[in-house]
Each structure stands twice: as structure tokens, then as C-alpha cells.
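What follows is a single structure, written as C-alpha cells, with notes after it.
The values are calculated or read from the model by the stated rules, or taken from the named source; none is laboratory data. Everything quoted here is computed from the prediction, not taken from an experiment. All Cβ positions, even for glycine, are placed from backbone atoms using ideal geometry, and neighbour counts span all protein chains on display. The accessibility values were calculated without ligands, DNA or RNA, using every heavy atom of the protein model including side chains. Shrake-Rupley method; radii C 1.70, N 1.55, O 1.52, S 1.80 Å.
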Amino acid sequence: MKIILIGHGMVGHKFLESLAATGIEHAQVTVLCEEPRAAYDRVHLSEFFSGRSAEALSLVEAGFFERTGFSLRLATRAASIDRRGNTVTTVDGQVLPYDKLVIAAGSNPFVPQVPGRDRAHCHVYRTIEDLEGMQLSGSKSQTGVVVGGGLLGLECAKALRDMGLQTHVVEFAPRLMAVQVDEAGGRVLQAKIEELGVQVHTGRNTLEITDGARGRHRMVFADGSHLEADMIVFSAGIRPRDELARQSQLAVGPRGGIAIDSTCRTSDPDIYAIGECAAWNEQTFGLVAPGYDMARVAARHIADDADASFVGADMSTKLKLMGVDVASIGDAHGRTAGSRSYQYLDERRQVYKKIVVSPDGQQLLGAVLIGDAAEYGTLLQMALNGIKLPAEPEFLILPSSDGKAQPGLGVDALPDSAQICSCNDVSKGRINAAVGEGACTIAEMKACTKAGATCGGCVPLVTQIMKLEMAKRGMAVNNHVCEHFPYSRQEIYHLVRVGDIRSFDELLARHGQGLGCDICKPVAASVFASCWNEFVLKKDLAALQDSNDYYLGNIQKDGSYSVVPRMPGGEVTPDGLIAVGQVAKKYGLYTKVTGGQRVDLFGARVEQLPLIWEELIAAGFESGHAYGKSLRTVKSCVGSTWCRYGVGDSVGLAVELENRYKGLRSPHKIKFGVSGCTRECAEAQGKDIGIIATDKGWNLYICGNGGMKPRHAELFATDLDKAQLIQLIDRVLMFYVRTADRLQRTSTWRENLEGGLDYLKDVLLHDSLGLNAELEAQMQHVADTYQCEWKTAVTDPAVRRRFRSFVNSDKADEHVVFVEERGQIRPARPEERVPAMAEGI
Amino acid sequence: MNTATANYTAVCEIDDILPGTGVCALVEGRHVAVFRVGQSDFHAIDNVDPKSGASVLSRGLVGNLGDRLVVASPLYKNHFDLRTGECLEMPELSVATHGVRIEGQRVLVALGG
């Protein structure tokens, strides 16, 4: 059978993979691809700007065409189809016969009919060639505008921002992502995106583009306002490429797109259409998942599987736009007659959540999640599988208050047919079967079923299903840190402590196997440090340290390190500040004040680190441990010393606490905050340990978290004097260090703790386990054995010798290349690196 | 490959590399990561991490995953097979391997070995 495929995009390639997977015999497949390169991942196109190469975006497995015998013709466009003769003619005049023809031509970017849209430095965002054009424009531009505030437009805005341009988004509709998100959601999304430095202009109708006064272009809007910029990218939607079909009189949908039936056949039974160029039930789909479905259906149908059928697609989406979670499920706008909605809006954290339920309140019809989409998987399964809602569905999206767990989705309630991973079409039944085949970790599950292997959004749900099935089969649910130790981190801690184990070799010999890896080695290093607190670069311990701990700095994207001198409580003398400034100036480092009230010095090469530390040590500074899983900072406000509202000496306490706990190694990094009054200028309630002064003493809050998953700290004890406070912090931290999992923050540790806050209070306030004296003694040991790691490193010649770019040369690493921006250095981007290296900057 | 014809360069002493760690050596202008696994097992691969373009692989943690001897890149934690240079997570990011020989206390490296 001769098969021709027109178009080699994501969907086209999925068709080829699916066809190969059917085991079809004697198929001669010819692929006509208009672009000069084979299928690549358009969903992750913006990563091209962050340095991912065109090759790395490729979707074609090495050897795919050799193995299948399919033939791929690049840069070969199909010009016409002769349906009577069953042939396709290419632009260079070749006539190719077919038995089955599959059109996967995709879509064109839509560019509104605005005069001036063809000016130089105006682009569309679709192919790698478009991106290369944008990159060239970007290098000659200061400001950029994206026309279109939909999904792709925001992706594109991220790309412009990553290129260092001042970025604007212009949207015709009154809000961003109008298709997926409702009005309130659009507002929160806009606020979040503006916070990231992208200016958003909604409700703007562009009349024309002319010469600008300050920028290259001026966009003139219907309301009389205008915006100037050096480059413009149109990303205002797509139009199906159905011109070949129209020329050959195939039926098309009323709003464009090649009309197909549920087997993906067009009005000609020998011709199929799939992906964005196809219209099913008069509907076109701009997402990749429905395209993949069509590709699988068409392949199976051609391979004679009469059961294959496309039944439409769920248009729910979840994505991260510039780091902001955005998700939309089903009837997000509440268009179903009689439907009711529940909404939750937190303007401080900028989180918006809405669910739409059926008139009887039993079924979930739709949802919008902005800023935090943790519930996406649960809500999607509830909507797709018609699972009965709990009596108070609002708790599905309300933040959990103390002691009350959010009603999750009983994964047990899901039918086996429930599609868990929509990227790769993996059902719950398939995941359960894979457990039976021996897949008991997420890595094995991904390898065996591909579930969670593409966008990763379903991984939490896949994990739940896998663990439930393992429990049902009577298998032990495995929390081993890795293949080298059949123990959890907590168990390793106990083995080390009880067995008085001091080296990794001994730990391996007694309790593990193999050589260890990048998971268990840092775990062991951290446990050794919490128990024995020896110098981390001691000969036996050095090989266990992550690069950050090995070089006592923070590794950055170009392989250089950043250096943070400790400034306890954020307090620093003018002389200290000058000394830091002088060191930065001498070594040409980029300086930035961090969120934790420290000065971070970036751009140090390994061989410069000891020299920089020496000067900082001479000026009275010690290591700030900004590299370790350890105490980072104790943030404070100025407190009663200076502030007219302060009731406690927050700086004095912060300095004392930082000095007590500095260097403490823990499962994850730890931050403190101390506020001098309830105005909370140190934001102590967003910290692992938060302290707030009252006129009766100190209030202690624990297990809060900023960062990716914010959690408010909980009030643990009130009206404490300083000695009581320190005693309690000793106990909380040491209990955490002993019992938490690897890389588990205090917030997740606390949430996973059976019995919750009450249990913690029992153990640590009322000493129900009789542990407190031991916890305090151990913390005292850590405090007593503190040493500044920088100082030990620079004064030990053997350790110091390890700080070199090359073992056999004093040369500097020429891969570390900087360019100047706003008067300081920054790492060169890949496209800047080659010319800069040539110039020898 | 015929080691007799390869061009071996002495880069350091054995004791310059702590067991279980790596160093970066400059060999004919190329950045080569030389690892010492255990006491006396040496391997060499390119030092530049293809994902980031940074010259850092020698600073990764060394270990084994099943039968494979690997280093984890310190930046994005991709694993590279020390014997074949293959990147386990993304084979298209694989790196070259190089020859290592020990003569007395000296460590010698040959490009492309």
C-alpha cells in the first residue's frame, strides 16, 4: 500500500509512530515536509530562546526512518492533489501516486489585516525559522510587542522577555486568555503577568502600524492611544491550512478546516485529515492532544482497524505561563443552563479558583485555576468521569485550614477506563496493569506506560493510583531513597546515629549496595553533618557533596558561582558594606540584594572563590551557607530599636538566632523571620520558623513557606521569653531534621505528619515521647561545633588546591563569558557567547 | 582503538583526584572531565554539559544506576554514562569519551580514546 503524508509536524509524526506501531506490512510511506527540518516539539518552542537547540526539540527518535523504511522528503511542499488519478504533485513537479493520503498540514498563524503589518521586524510565531528571525530582531531591539493575549501569545511574550526586551502584550478582547479563562481569572492572570515585568494592554484594537518616534514602530489603537516598540510579533490565533483540500474540492467546515468523520476520513474515503487542519463536527482543535488522538485513529483505520474512532476532545488545559499556573476545565464560563459556581479569590497571593457545578450540585462541569493549579488533576477526573461531588464542593478549592484535610479525589472511585495521562492516552487500568508487571516507581511507570512522561501534569495522580494499587496487591509502598539503600531518609538517619557511622563507605558496606548516586550521597552528607557536624570537605566527605556544598557557593547556569557573606539578621556596618562592595568591584562580580536581606555576589569562577573568601573573611564575614540545605537567613525588621511601632528587639533576636543555627544541615533549606510587632514587616509567617513580638513576649510560628507552594506558618506557642523560645526552636528543628524525608520542606513535613499540629505540640511542648532533652542536647552539639566552612577551606592547602578550573592549567574557563547589562555583568546568552569568546571579553 | 598510536598527555597525579570525584583537564584545548571511581578506576568524558553549554560535568556526583557508571550534571542532574558518554535521560545530548591511562602515579589522557 502506498501512503502519502502531507506535513511532518507533531501530529504528522505521531501518525507515523502510530502507523509503525500497528505493525502494518508492505506499506510504502512517503512524507512531504515543507519545512527544512523534521518534526519538532512546537509545544516547547519557547525553550529555543532559553538555549534549547533545534536538534534538542526534534521529535524524531534516532534511526526512526531507517527502522521503519518510511521516506521523508524535507523542504518539499505538496502543490496539488489529483483525486481522480490518486496522485499528489509537489512544487518541483514530481507526481507521486497514493492509495491512502493523509493531510496533516497544520495551520497558519493568523495576522489581522492591519496596515503596516508587513514592515520589517514584524513577525509571526510558528516555526523555528520564525524564531530565528525574532532572535535577529530581538538583538537589535529594546522593546517588543506581542499582538494576542491567548495561550501562544503569552508563551511568545515570555520569549521576548527572556531575550531581555521590555515586553508588552496587546489583546483585542477585554481580558487575557478569553477562551479559557473568565473575567476574574483574567484579572488575576494579568496582575501576575504584569508582576513579571510584562505590560498588558487589553481591549485594544490596532488600526495601523507606522513609524515610531522613539521605537521603530508605532501601533495606533482605535481609542486614540498608541504604543511604540522596536519589534512586533503577531500571535493572534491560527487558521487551518485547508487550501489543498479546497483546490481539490474536498468538503470543508463552515468555519474552515477539512471536514472529517469519526474515522478521520475526509469526503474522499482515500483521504484522511488530522490535527489542526481538520474539522470534526464543524470544530477545529488547536491543542496537540486531540491531534494525537486523530493521528492514532487514522493510523489504526488505515491498518484496517474498523473500531478506531475519534470522539471529540476534552479541551481542558493546564500550563505554566512564565511560571504562573493556568488551568481551565470543561465549562469554565458556566454556560450550562442553571449551573452554579463557587469562587475563591486571594488577592494577596494572587490566586483565583472557580468551579462550576451542575444545577443539582452533584457533578463538576468546569473549573478555572489561576496562580495555583494543584487541584487540576483531581478536578479534571471528577469532571471527566462524572464522579459525585461531596456535599460541600467549595472545599475542593478552599485552602485547607488546620487539621481539616481537603476532600481529595478517592482514586478508588475512578473507573479503570479513566484517562489519567491525556498526552499519552494512559488509563487508570493501564497503570494498574503496569504495577502488576512490576512498575513500582514513577520512573519505571513512565518508562513502561509513558504516563506522565510528556507534560508531567498527571504525575501526582499517577503516583496516587500506583501506590493504591501496590497497597491492594499487598506490596510494600516503597519510600527508599534510591536503589542503593532499601531505607527512607529517616531510617538512614537512625542507622547512622545508632550505629555511630561516620563515612559513606561504612554506611554502604553495612546497609547499602553499589557505589551510591546523586540522590543518596547528598542525603548521607546531610545526615552526617546533622549528627556529627564535621567539616564537609574533609577527605571522606568531600565526594558526597553536591557541587554547591563542594565549592561552598551557589552554582549558576554558566558554571560560575555566587557567594553570599553572612549578615546575621540583615544587619551590616557601613565598613562591612564597603568591604563587600570593594571585593565585588575587584573581581568584577554582579551584586544583588536578595529576598533574604543578604548581598549576593555573582559570577565567580572556581579558582577565584578562595581569593574572594579570604578578603571577605579578613573584613569580618563568614560563609552565609546560601549554597546548602541548611539555615539560610533570619530576616528581620528594625524592631523596637528604631521603629515607632516595634515592641520587641527583632534585630537583636534575629542576630542571636542566626548565630545559633548557622551551618545546621537539614533535609531542605530553612529560613527564619523575626518581626518586631504584628505589622509583620519581616514576613515571618511565610518562613519555616517565624517569630513575632507582642507586648507579652515572643509568639512562635512554624512550618510556613514562601517559594513555589506558599503555606502560612501556624502559631505554635505564645508569650515566650527568649530562653523558652530558643529551647522550642531547638526541639522543632531537630525533630524535623531527624524525621523529614529527603528534600522535604518543613511545610510538607508538617502536612504529612499524622496527627498534625496537635501531635507536634504533644511531642515538643508536653514531651510525650520523652525526646526533648536529647533533641536540645543534639542541637547544642551542632551549635558548639560550628566552624566557618570558607575559613577552614582556605586555610587547608589540600582543600584549597581543589579550587581550580583545570587540574593541569591555571587558565580561566573560557566558557564563562559575561556581557554588560545595566552597568553590571550577566552571563552571555548562547547567541552572544560565540562573538564574545572570539573578542576575548 | 589502538592505544599505542594515541596521543596520551599527562594531566595530573593520581592523588590530585579524590576517590569518587572528578577534575577538569585541558587537553589540546579541550575540556576533559577525568573521574576516579573508587581508588583506581579512571574514566574520561567531555566536561561541557551539552544541555547548558557550561563546562561542569567534572563537578557532578559520581555513582551507579544499575549497571551503568554515571556522573550527574550539577546543573540539571542529567546522568552521563562514564563508559560510553551517553546521556541517560536525553540520548541526543550524549558526550564524547576519552582514553585514560595510569603510569606510575601519573594520570594520562588521550582525546577520543
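Okay, here's what the table says:
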{"quantity": "In segment B:82-113, the residues that are open to solvent by 70 Å² or more (accessible area, probe 1.4 Å), in contact (Cβ under 8 Å) with a residue 40 or more places away in the chain and not in a strand (DSSP E or B)", "calculated": "B:83, B:105"}
{"quantity": "From A:54, A:62, residue being in contact with a helix residue (DSSP H, G or I) (Cβ under 6 Å, 6 or more places away or on another chain), within 14 Å of chain B (Cβ to nearest Cβ) and surrounded by fewer than 16 Cβ atoms within 10 Å (Cβ to Cβ)", "calculated": "A:54"}
{"quantity": "Residues of segment B:54-66 classified as open to solvent by less than 20 Å² (accessible area, probe 1.4 Å), facing chain A (nearest Cβ under 9 Å) and either under 27 Å from residue A:827 (Cβ atoms) or out of contact with any strand residue (DSSP E or B) (no Cβ under 7 Å at 6 or more places or on another chain) (or both), total", "calculated": "7"}
{"quantity": "Number of the exception - residue A:117 against (1) assigned to a loop (DSSP other than H, G, I, E, B); (2) surrounded by 15 or more Cβ atoms within 10 Å (Cβ to Cβ); (3) of a type outside the set (Asp, Glu); (4) assigned by TED's automatic domain parsing to the domain that holds residue A:270", "calculated": "(4)"}
{"quantity": "Test: residue in segment B:3-26 that is under 21 Å from residue A:524 (Cα atoms) and under 11 Å from the mean Cα position of the chain (by Cα)", "calculated": "yes"}
{"quantity": "Residue in segment A:397-447 that is least open to solvent (accessible area, probe 1.4 Å), counting only those that are at pLDDT 80 or above and of a type in the set (Lys, Arg)", "calculated": "A:428"}
{"quantity": "Qualifying residue in segment A:75-98 (condition: within 34 Å of the chain's Cα centre (by Cα) and not in a strand (DSSP E or B))", "calculated": "no"}
{"quantity": "Some residue of segment A:40-50 being within 14 Å of chain B (Cβ to nearest Cβ), in contact with a strand residue (DSSP E or B) (Cβ under 9 Å, 6 or more places away or on another chain) and among the charged types (D, E, K, R)", "calculated": "yes"}
{"quantity": "Residue that is within 14 Å of chain B (Cβ to nearest Cβ), within 22 Å of the chain's Cα centre (by Cα) and not acidic (Asp, Glu), where the choices are A:443, A:451, A:509", "calculated": "A:443"}
{"quantity": "Per-region count, segment A:794-826, residues within 14 Å of chain B (Cβ to nearest Cβ), touching a helix residue (DSSP H, G or I) at 6+ places or on another chain (Cβ under 7 Å), among the hydrophobic types (A, V, I, L, M, F, W, C) and in a helix (DSSP H, G or I)", "calculated": "1"}
{"quantity": "Search result, residues across segment B:28-53 that are of a type in the set (A, V, I, L, M, F, W, C), facing chain A (nearest Cβ under 9 Å) and either touching a Leu at 6+ places or on another chain (Cβ under 6 Å) or within 20 Å of residue A:544 (Cα to Cα) (or both)", "calculated": "B:34, B:37"}
{"quantity": "Answer from A:159, A:191 - the residue that is open to solvent by less than 20 Å² (accessible area, probe 1.4 Å) and assigned to a helix (DSSP H, G or I)", "calculated": "A:159"}
{"quantity": "Residues (modelled with pLDDT of 90 or more and open to solvent by less than 50 Å² (accessible area, probe 1.4 Å)) located in segment A:297-310", "calculated": "A:297, A:298, A:299, A:301, A:302, A:303, A:310"}
{"quantity": "Odd one out for residue B:77, checked against (1) more than 7 Å from chain A (Cβ to nearest Cβ); (2) more than 20 Å from residue B:102 (Cα to Cα); (3) surrounded by fewer than 16 Cβ atoms within 10 Å (Cβ to Cβ)", "calculated": "(1)"}
{"quantity": "Residues within segment B:9-27 that are more than 7 Å from every other protein chain (Cβ to nearest Cβ), open to solvent by less than 30 Å² (accessible area, probe 1.4 Å) and not hydrophobic (A, V, I, L, M, F, W, C), tallied", "calculated": "1"}
{"quantity": "Some residue of segment A:699-706 being at pLDDT below 95, assigned by TED's automatic domain parsing to the domain that holds residue A:643 and open to solvent by 70 Å² or more (accessible area, probe 1.4 Å)", "calculated": "no"}
